[in-house]
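Trainee: There's a structure below that I have some questions on.
The values are calculated or read from the model by the stated rules, or taken from the named source; none is laboratory data. This is a predicted model, so every value here is computed, not measured. Don't worry about glycine lacking a Cβ; one is built from the backbone with ideal geometry, like all the others, and counts go over all protein chains shown.
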Amino acid sequence: MRKTKEDRIKKLKKKHIWPSVVGLIVILFVFTIIMAVAVGMSAMDIVNKKLADSSRRSEKIAGLFVDYNQESADEITQMVLSHVDVLDEVEAVAVYDAERKPIWSSNDKYPALDDSIQMEFLTVTDAERVGVLIEQDDEQIFTVDDGMIVLAEDAFKHIFSSSTINETGAFANIKLWIVTDADDKEVMVLNNIPMYFQDFMMAGVCLILCGILIAIFVIYYLISIISMVSGMHKTNKVIYTDVMTGGDNWLSFIKKGTGLLKKSKRSGRKYAVLHLEMLKYRSFCTCFGVSKGEELIESLYRALKGEVTHSEVMAHQENAAFGLLLEYTENSQLEERIEKIQNTMSSVLPGIKMYFGVGVYLVQPGENDVEQLYNNAMIACEMSGEETEGKIAYFDVEMNNQKLWERKVEDDMERALINREFQVYLQPKISTKEEVLGGAEALVRWINPTEGFIPPNRFIPIFEKNGFILKLDDYMLEEIAKVQAGWLAEGRTLVPISVNVSRAHFTREDLAEHICAIVDKYQVPHDVIELELTESAFFDDKKVLLNTVQKLRKAGFQVSMDDFGAGYSSLNSLKELKIDVLKIDADFFRGAEAEERGLFIVSKVIELAKKLNMKIVAEGIESKEQVEFLTGQDCDLIQGYFYAKPMPVAEFAQKYSV
Ligand code: C2E
Ligand code: CA
Ligand code: CA
């Protein structure tokens, strides 16, 4: 599947931040969990160990009370107190009888049990189980559970919920009443378990290491995200910046323009797309150098930039062309603005006259394909040609049709040549003296399978623009050489047949040799082939033209100057160019009021040509009067509808069998 421009831009921009952001979050999450679990487990392990010690100590103390009874209270007290080493490590010991009445305490401290606690406490009958009271900040929290883990978790929770470092250096003290059965009694021991920072050293180190690791990852990810964002920013800049002007480029114009046109649908603003081009930019570069040319483009860009408002866009398109999307209210207001813009641009280089071509497309509501609209503006400019320099050329549908036609012609032409869709028509040239056939002109016709008969004015100008005329003229010349060769073989008397040689050929220095080669393939005498050149070929490479004509004449071809008098004729060309035939343009015979003057000029041109030893052919002759006039003026040949229109070769052969 073909990739669109948008796809390519997307591909260039394709750098997503979200995988990095998600990666960062996941890593943060995973590491935090791992760290919390590791630190938590190691801290819990420490607390568990301390609690297990307390539990063992409590059981040991409870063992002392196995034989305790009311009567021997003092003795027991003595006995208990004698185990100072054990008691030293606890805060208080309280003994309850089977009914859970306090019967002995080391310092008159009994846990104050409310009813609910008592109930729970009474359920503790299994010797394996331990009922525990946690005393923290004078609050007693009762908990009963099977295992030490839960116990430790609870204790742990309380330590961290309200702890302060006390004078012993412990940051928290867990006070636990641990209950142990001793025969029919229950011995409660108030354990004071201090928690020191040193105890948690390993957990702390582990915490710090994990923290460092997390910080490294976070920093690494943050750096990569920041560099990615700045990379994306740079890519965007590269994609949308014009290297020549440093401003917005064409992609940016299309993007911003499309946005503006979409918005205009709601706002009701009217827009016009402009193609503004400095004419003869290449000549400027040839005179002043390419770098000066580029400087000029940059200055023009800056000048234009100052002319557009925030609700408009402009950008450099290519070479010396700029695209603008201007807001307007009335056509007259738009034209005033364009004039002002042109003046601003002209003032960029004082002292040097610059010419601009302007094509305008007035955007219709709902249209937002900026590229297409700009193309229309460009076509308008192109169609207006160079003569309309400075004028504003508006796009119209006909222009588009013409462009579409050009494209179709270009698509079809190669195939048409191969398929022999181009056919040779011949128009006779009749001699004025005997009114017999004195020559003919080969004129091309295109018989297109879909379009039918296409006259040359619909495709020749296109071929002249795209260079295909070179192939077509060669084809016509070869066809004529073939026709003449055929007639020669048939024993017919040959008359010269002229073929048109477009000015585009006069760029090749070996043109004469090239023509000879084509004709010689059919072994046709050169004097039955005439080559019609237009005077305009003079404006190209004069040296090549003069050389070629000289060589062709030397080789025996007849050379004629076509359309003499049309366009910008210069008698000078007659002076320099030695040719055999002068074809007087049909325009001299057109138009009523110019007739007299035209005919006078024709008579003088004929006189002149005769003096220069040239044959005269008058073209486009339609009336008897014209024929009579030309006969009277000693014109040699007449070509025109008066005698015949161009016709297929077979018809010509039949009609003019000589
Ligand atoms: P052109 O070379 O000046 O050819 C003469 C044109 O005048 C022909 O038009 C012809 O049909 C037309 N014509 C002849 N007599 C009369 C007349 O009495 N009244 C009017 N109104 N027109 C007359 P066509 O065949 O349409 O060709 C137009 C132009 O196309 C030619 O002008 C020539 O410039 C170009 N062309 C035709 N075939 C070729 C070709 O094979 N190669 C090149 N390079 N150009 C060609
Ligand atoms: Ca001609
Ligand atoms: Ca002509």
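Trainee: Determine, yes or no, whether VAL519 is part of a helix (DSSP H, G or I) and either of a type outside the set (Ser, Thr, Tyr) or within 28 Å of ILE616 (Cβ to Cβ) (or both).
Mentor: On the way: part of a helix (DSSP H, G or I): yes; either of a type outside the set (Ser, Thr, Tyr) or within 28 Å of ILE616 (Cβ to Cβ) (or both): yes.
In short, yes.
Trainee: Right, something else. Inspect all residues belonging to the stretch 579-587 and state whether any of them is away from ligand 2 (no atom under 16 Å from the Cβ) and without any contact (Cβ under 8 Å) to a residue 40 or more places away in the chain. Full working, then the answer.
Mentor: Our first condition is that a residue be away from ligand 2 (no atom under 16 Å from the Cβ); within the stretch 579-587, this holds for none.
Scanning the stretch 579-587 turns up no residue that is away from ligand 2 (no atom under 16 Å from the Cβ) and without any contact (Cβ under 8 Å) to a residue 40 or more places away in the chain.
Trainee: Residues of the stretch 82-115 being at pLDDT below 75, closer than 23 Å to PRO194 by Cα and not in a loop (DSSP other than H, G, I, E, B), which ones?
Mentor: Hits for the stretch 82-115 are VAL84, ASP85, VAL86, LEU87.
Trainee: Could you list all residues from the stretch 569-587 that are within 16 Å of ligand 1 (Cβ to nearest atom) and either touching a helix residue (DSSP H, G or I) at 6+ places or on another chain (Cβ under 6 Å) or not in a helix (DSSP H, G or I) (or both)?
Mentor: First, the residues of the stretch 569-587 that are within 16 Å of ligand 1 (Cβ to nearest atom): 569, 579, 581-587.
Once the filter is applied, which keeps residues that are within 16 Å of ligand 1 (Cβ to nearest atom) and either touching a helix residue (DSSP H, G or I) at 6+ places or on another chain (Cβ under 6 Å) or not in a helix (DSSP H, G or I) (or both), the stretch 569-587 yields SER569, ILE579, VAL581, LEU582, LYS583, ILE584, ASP585.
Trainee: Looking only at the stretch 308-335, how many residues end up being of a type in the set (D, E, K, R) and at pLDDT below 95? Before you say what the answer is, go through the steps one by one.
Mentor: Residues of the stretch 308-335 of a type in the set (D, E, K, R): 312, 318, 327, 330, 335.
Filter once more, keeping what is at pLDDT below 95: 318, 330, 335.
Qualifying residue count, the stretch 308-335: 3.
Trainee: Is there a residue in the stretch 339-357 that is surrounded by fewer than 19 Cβ atoms within 10 Å (Cβ to Cβ), under 17 Å from GLY247 (Cα atoms), touching a residue at least 24 places away in the same chain (Cβ under 8 Å) and out of contact with any Pro (no Cβ under 9 Å at 6 or more places or on another chain)?
Mentor: no
Trainee: How about the stretch 522-562: which of its residues are within 14 Å of ligand 2 (Cβ to nearest atom) and either small (Gly, Ala, Ser) or within 54 Å of the chain's Cα centre (by Cα) (or both)?
Mentor: GLU530, LEU531, GLU532, LEU533, THR534, GLU535, SER536, ALA537, VAL559, SER560, MET561, ASP562, listed by residue number.
Trainee: For the stretch 399-461, give me every one of the strands (runs of 3 or more DSSP E) that falls completely inside it and has 1 or more residues that are within 16 Å of ligand 2 (Cβ to nearest atom). Quick ask: steps written out before the conclusion?
Mentor: Details: elements: 422-431, 437-448, 452-454.
Strands (runs of 3 or more DSSP E) meeting the threshold: 422-431, 437-448.
Trainee: Please pick out the residue among ILE497, ILE462, ILE447, ILE469 that is more than 11 Å from ligand 1 (Cβ to nearest atom), assigned by TED's automatic domain parsing to the domain that holds GLY632, under 23 Å from ASN401 (Cβ atoms) and touching a helix residue (DSSP H, G or I) at 6+ places or on another chain (Cβ under 6 Å). Steps first, answer last, please.
Mentor: Details: ILE497 fails: under 23 Å from ASN401 (Cβ atoms); ILE447 fails: touching a helix residue (DSSP H, G or I) at 6+ places or on another chain (Cβ under 6 Å); ILE469 fails: more than 11 Å from ligand 1 (Cβ to nearest atom).
The unique qualifying residue is ILE462.
Trainee: Taking the condition touching a strand residue (DSSP E or B) at 6+ places or on another chain (Cβ under 7 Å), within 16 Å of ligand 2 (Cβ to nearest atom) and free of Cβ contacts under 8 Å to residues at least 60 places away in the same chain, does VAL519 pass?
Mentor: Values: touching a strand residue (DSSP E or B) at 6+ places or on another chain (Cβ under 7 Å): yes; within 16 Å of ligand 2 (Cβ to nearest atom): no; free of Cβ contacts under 8 Å to residues at least 60 places away in the same chain: yes.
Here the answer is no, as VAL519 does not meet what is asked.
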